[in-house]
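Take a look at the structure below.
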Amino acid sequence: MKGIYKVVLFLILMLSFGVRFAYTQSTPDDFCDFNFPRQNGSGGIHVTQEDGIYTLFTNPAIFAELKRKWYISSIIASRSFSPNISASNAVIATDLYGPLFFAFTNENFAVGIFNNTRVKFDRVNDSYRFGEQLFVTTGYGGNVYETENHTISLGVQLKTDFFAVAVEKPSGTAQSEFEDVKIMTSDNTPIEFDTEIGIDVGFLYDYKNFIRFGLSIRDLYTIVIHTDYASYNDMKKGSGGTTVQPWKFPNMSIGLSVAPPIPAHYRTFTGYIFWVELNDIINASIEAMTGPPHTLPFAYDFAFGMEFEFNKAYKLRLGFKELAPTVGIGIEMGNFDVDGSFAIVQFSGTPYTNIGLQVGVSFTAKL
C-alpha cells in the first residue's frame, strides 16, 4: 500500500490533463523538439540510462529507478547555426528553456512542467519563426520481474503540449535574424496554435547493471489539432482559423548499453558506459511507405555514444548522431549539475550539403 498514493496521483493528473487538453499536437517539422546538452553531447536519447530530470523525455520504464528529488533547471540554452549566417542556405535556431523547468521524482513516479522559447531563422525556406511551448508530463514505471541477476521494467507516461508559433516570410532583403525580427508586424504575422495529449510507453531489461536493453515508443497514441490563423488580427477575433486533426505516427527507439564494472581500488577513473541506439523506427518506416522518397540514408537514425566518469563527478561524453560527431562534458557538484555539448548538425534532407554547429549549456539544481 506504500506506493498507492503515487498511482492515485498519476490517475488524477491524467484525468486533469485530459480535461484541459482534449487532443494531441504535432507541428509540421521539428521546430518544437527538445534539445538538451546532457543527451546531445553523447549522441543518443538514452533509452537505457537514468538521466534525472531528463528521464522524463526518454523512456518511462526507467522511472522505476528514480529517487526522491526536486529538480530545478534555471538555465538551459541551445543554439544551432550555419557557419555563414549571410549565406542563402543559412539556418539559425535558438532555444531557451525556463523559467518553468521543474520536476519531482520519486520511486516509480515522476511529474514535470517545462517551457521552451524558440526562434528559428531559415534562409532555405525564407522564413522566420518564433514560438513558445509548454510541456506537462507525468508517468509511472515499475519492475514487473526481478531476480538477483535480471530485472524487467515497464512504464507509461502521459504528456501534453501547447504551442504558439508566429511565422513570417521575410522580404529577402534582411541580412541577419535580428533584421528579420523588425520585418515581422503584429497585425499581419500568421499564427499557428497546436495542442496535444499523448501517451508514451517503455520497456527496460537489465542484467546485473551491466547490460541493458531498452525500448521506448513515444506518441503511442497521439491525435493532432492544429489551427492556422492568416494574421494576428484573425487570431484576436477568433475567426479565420483552419483546424486539422491528423494522426501522429509513433516514434519507437531501441537501445543497448554496456557498463563494465570498475575495480573498487580505482579512485580517479570511476565509471564508463557505451551504448548504441536506433531511433525513429516506426515513423521513418511508415513515411517511407506512404510519403515521398527519403533522401536520408537508413544509417541517419543510428546513434552511438560513450561516457567516461572521473572522481564520481566529472563526465566526458563522445557520440555520433545523424551521421555527425558530438562531444560533451558534465560536472556534478552535489545538488548542482552543469552540462555542455558541441555537435555537428545537418539542416537539409541530403547529408553533408548544409551542415552547421550546435552548442548547448545547462545548469540544474537538485533538492
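Just so it is clear, none of the values below were taken in a lab; they were calculated from the coordinates. Note that the structure is a prediction, hence the values are computed from the model and not measured. No Cβ is skipped: glycine too gets one built from the backbone with ideal geometry, and neighbour counts run over all protein chains shown.
Overview of results
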item	result
Charge sum, other residues only, whose C-beta stays under 9 Å from Gln49's C-beta, Lys/Arg counted +1 and Asp/Glu -1	-2
Under the Karplus curve 6.51 cos²θ - 1.76 cosθ + 1.60, θ = phi - 60°, whole-Hz ³J(HN,Hα) for segment 215-231, x wherever Gly or Pro sits	9, 10, 10, 7, 6, 4, 9, 9, 10, 10, 10, 9, 10, 9, 10, 5, 7
Pairwise label distance in nanometres, Ala77 with Lys236, each label 7 Å out on the Cα-Cβ vector	3.2
Listed peptides 100-111, 310-321, 34-45 by packing density, highest first (mean Cβ within 10 Å)	34-45, 100-111, 310-321
FRET E, pair Ile152, Ile262, Förster distance 25 Å, beta-carbon r, rounded to 0.05	0.50
Amide proton proximity set for Ser42, modelled H, under 5 Å, gap of 5+	none
Under-5 Å amide H pairs with His226, H placed in peptide plane, nonlocal only	Val244
Cβ-derived FRET efficiency at R0 22 Å, Ile329 paired with Ala299, nearest 0.05	0.25
Phi-based couplings in Hz for segment 97-109 (Karplus 6.51, -1.76, 1.60; Gly and Pro marked x)	9, x, x, 7, 8, 10, 8, 10, 10, 8, 4, 6, 9
